[in-house]
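Visitor: Shown below is the structure under consideration.
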Amino acid sequence: MSNELTYTKKTVYELADKSVIDAAMSYAEDYKKYLDAGKTEHECVKISIALAEKYGFSEYKLGDKISHGDRKYFNNRGKNLFLFSVGSEPINNGIRLTAAHIDSPRIDLKQCPLYEEGGMGFFKTHYYGGIRKYQWVATPLSLHGVVAKADGSVVEICIGEDENDPVFYINDLLPHLGQKQSKAPLGEAFDGEQLNILIGSALSSDEEENSIKLNILKILNEKYGIKEDDFLSAELCAVPAAKARDIGFDRSMIGAYGHDDRVCAYPALTALLEATDGIHTTMCILADKEETGSDGPSGMQSELMLDIINEMAANLGGNPAVIRANSKCLSADVSAAFDPNFADVFEKRNSALLSCGVVFTKFTGSRGKSGTNDANAEYIGWLRSILANDGVIWQAAELGKVDCGGGGTVAKYISKHNIDTIDLGVPVISMHAPYEAISKVDLYEAYRAMLAFYKY
Ligand code: MN
Ligand code: MN
């Protein structure tokens, strides 16, 4: 009797069949490929479209006709992707919606980045998202992005991912001269203006006007046809050059750049592509700009989601307000895994434990639940029932101790449109570090949770 009354969190290893664990290990192999091919939102949109087309999705543009049975994707400026599959039931029954973000903290280039000093060529940078600056120095970086030239052409750049490519680097201070810096608080020891990327040191031999900067411009012009003023209309960033790798003797975890939030985007996407019951209308949004507040036309605060719902209503004979009221959303974003090395910032009973499955976070925000979507108990009750049907292993958690900090997700930008929304995601170790870690079984339970969500 007492066993039936009490609730104890258990790991996937204790609860799941061996076949589930084996499937989790093989699912992780494809996820690692997705991580390596998609280190920026641009690249994630591209590889997600390629994957969707294999599953019969085709491009949708605003104003196109929408019919029952359609499997479509909408590419928003190459940085944000909407995928939807129109089910057979009336559209007024609502949409099963998932939203994850595909931008990650990184080092962006400024618009006038190139200079030389002290025998070295550099790019000036402006970091993107919540980074801890000390983690980004003295580590190999790759350069990704696009350069939009004045003639209308766009050059894509990706250097540092191939084994034969050069990499880039941010200089660190040697400990021998670091006495003063070592006494500074961690958040003040590095200045944003010191995060300059080392990009060259050679002089060109065949020029009268001789400089490191000119030599770099010559190389860039030969390879990409760009000139210095083309940086003015470029979006270039440096990200860790390291590839996704298994962590541990037992290979149970994955280390990679950008788990936040591709570890949720990938299951949200693949579950949508594979869900084939065809009854509900399903949608997956891969959003941009979450790490900087979801602003801009490619962020979740844009009205684009409403535009697409309105188009669905107009084409399928529905009422947008009714569609929204009957829709359900999983805001798919990561949670912090309880870390015994930093146990004092976690409240263990309500923290996400590694390998205990996908995490539901009823509320995010900070202090007295400020700035949060606080999911309805009834909605969580419904989710419990569908996850139980499919034996999905999940846990409930919040980020850390109540007064230690906090964070937000896109949940509140969706729920404000009268759509029941809850945060669901994968626990991450060292969130926002250049190399984060997750557990393969948690990733797989996120995928199984989304499959159940799209189905029931
Ligand atoms: Mn996130
Ligand atoms: Mn984040």
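Visitor: So which residues in region 220-250 are in a helix (DSSP H, G or I) and surrounded by 14 or more Cβ atoms within 10 Å (Cβ to Cβ), if there are any at all?
Guide: LEU220, TYR224, GLU228, ASP230, PHE231
Visitor: Is there any pair linking a residue in region 106-134 that is of a type in the set (Asp, Glu) to one that is open to solvent by 70 Å² or more (accessible area, probe 1.4 Å), with Cβ under 8 Å and at least six apart or on different chains, and which?
Guide: Sorted first by the residue in region 106-134, then by its partner, the pairs are ASP108/HIS126; ASP108/TYR127; ASP108/GLU235.
Visitor: So if I check each of GLY293, GLY258, which one is free of Cβ contacts under 8 Å to residues at least 40 places away in the same chain and within 16 Å of ligand 2 (Cβ to nearest atom)?
Guide: Sole residue among the options that is free of Cβ contacts under 8 Å to residues at least 40 places away in the same chain and within 16 Å of ligand 2 (Cβ to nearest atom): GLY293.
Visitor: Return the total of residues in region 281-293 being under 15 Å from CYS264 (Cβ atoms) and of a type in the set (Gly, Ala, Ser).
Guide: Result for region 281-293: 1.
Visitor: Still on this model: Tally time: how many residues in region 262-294 are of a type in the set (A, V, I, L, M), within 12 Å of TYR447 (Cβ to Cβ) and either within 11 Å of ligand 1 (Cβ to nearest atom) or not in a loop (DSSP other than H, G, I, E, B) (or both)?
Guide: The qualifying residues number 7.
Visitor: Given the condition open to solvent by 40 Å² or more (accessible area, probe 1.4 Å), more than 16 Å from ligand 2 (Cβ to nearest atom) and in contact with a Ser or Thr (Cβ under 8 Å, 6 or more places away or on another chain), answer yes or no: does some residue in region 431-442 qualify?
Guide: No: region 431-442 contains no residue that is open to solvent by 40 Å² or more (accessible area, probe 1.4 Å), more than 16 Å from ligand 2 (Cβ to nearest atom) and in contact with a Ser or Thr (Cβ under 8 Å, 6 or more places away or on another chain).
Visitor: Are any residues in region 428-443 more than 9 Å from ALA337 (Cα to Cα) and either within 14 Å of ligand 1 (Cβ to nearest atom) or free of Cβ contacts under 8 Å to residues at least 60 places away in the same chain (or both), and if so, which ones?
Guide: Selection gives HIS432, ALA433, GLU436.
Visitor: Hey, can you tell me all the residues within region 39-96 that are within 27 Å of GLY317 (Cα to Cα), of a type in the set (Lys, Arg) and surrounded by 14 or more Cβ atoms within 10 Å (Cβ to Cβ)?
Guide: If the condition is that a residue be within 27 Å of GLY317 (Cα to Cα), of a type in the set (Lys, Arg) and surrounded by 14 or more Cβ atoms within 10 Å (Cβ to Cβ), then ARG71, LYS72, ARG96 are the ones that fit.
Visitor: Given the conditions (1) at pLDDT 95 or above; (2) within 14 Å of VAL410 (Cα to Cα); (3) exposed (fewer than 15 other Cβ atoms within 10 Å of the Cβ), which single one is not true for PRO340?
Guide: It is condition (2) that PRO340 fails.
Visitor: Quick check on region 393-408. Is at least one of its residues farther than 22 Å from GLN301 by Cβ, among the basic types (Lys, Arg) and in contact (Cβ under 8 Å) with a residue 40 or more places away in the chain?
Guide: yes
Visitor: Which residue is farthest from the chain's Cα centre (by Cα), if the candidates are limited to region 415-426 and must be of a type in the set (A, V, I, L, M, F, W, C) and in a loop (DSSP other than H, G, I, E, B)?
Guide: For region 415-426, the residue satisfying everything is ILE419.
Visitor: Taking MET283, is it in contact with a strand residue (DSSP E or B) (Cβ under 9 Å, 6 or more places away or on another chain), closer than 30 Å to ASN93 by Cα and surrounded by 13 or more Cβ atoms within 10 Å (Cβ to Cβ)?
Guide: Answer is yes for this residue.
Residue-wise test of (1) closer than 16 Å to HIS101 by Cβ; (2) outside any loop (DSSP other than H, G, I, E, B).
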{"position": "LEU330", "(1), (2)": "yes, yes"}
{"position": "SER355", "(1), (2)": "no, no"}
{"position": "PHE360", "(1), (2)": "no, yes"}
{"position": "SER385", "(1), (2)": "no, yes"}
{"position": "GLN395", "(1), (2)": "no, yes"}
{"position": "LEU399", "(1), (2)": "no, no"}
{"position": "TYR413", "(1), (2)": "yes, yes"}
{"position": "ASP442", "(1), (2)": "no, yes"}
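Visitor: Pick from region 306-328 the residues that are charged (D, E, K, R) and either without any contact (Cβ under 8 Å) to a residue 60 or more places away in the chain or part of a helix (DSSP H, G or I) (or both): which of them is surrounded by the fewest Cβ atoms within 10 Å (Cβ to Cβ)?
Guide: Here the residue is ASP307.
Visitor: Residue by residue through region 401-420, note down the ones that are more than 15 Å from ligand 1 (Cβ to nearest atom) and open to solvent by less than 40 Å² (accessible area, probe 1.4 Å).
Guide: Within region 401-420, SER415, HIS417, ILE419 qualify.
Visitor: Going by the conditions given, is MET300 modelled with pLDDT of 95 or more, within 16 Å of ligand 2 (Cβ to nearest atom) and open to solvent by less than 60 Å² (accessible area, probe 1.4 Å)?
Guide: yes
Visitor: May I ask you to list the residues in region 100-128 that are of a type in the set (Phe, Trp, Tyr) and surrounded by fewer than 22 Cβ atoms within 10 Å (Cβ to Cβ)?
Guide: Within region 100-128, TYR115, TYR127, TYR128 meet the criteria.
The values are calculated or read from the model by the stated rules, or taken from the named source; none is laboratory data. Everything numeric here is computed off the predicted structure, so don't read it as measured data. Because the Cβ atoms are built from the backbone with ideal geometry, glycine has one as well, and the counts that use them run over all protein chains shown. These area figures cover heavy atoms from the full protein model, side chains too; ligands, DNA and RNA do not enter into them. Shrake-Rupley method; radii C 1.70, N 1.55, O 1.52, S 1.80 Å.
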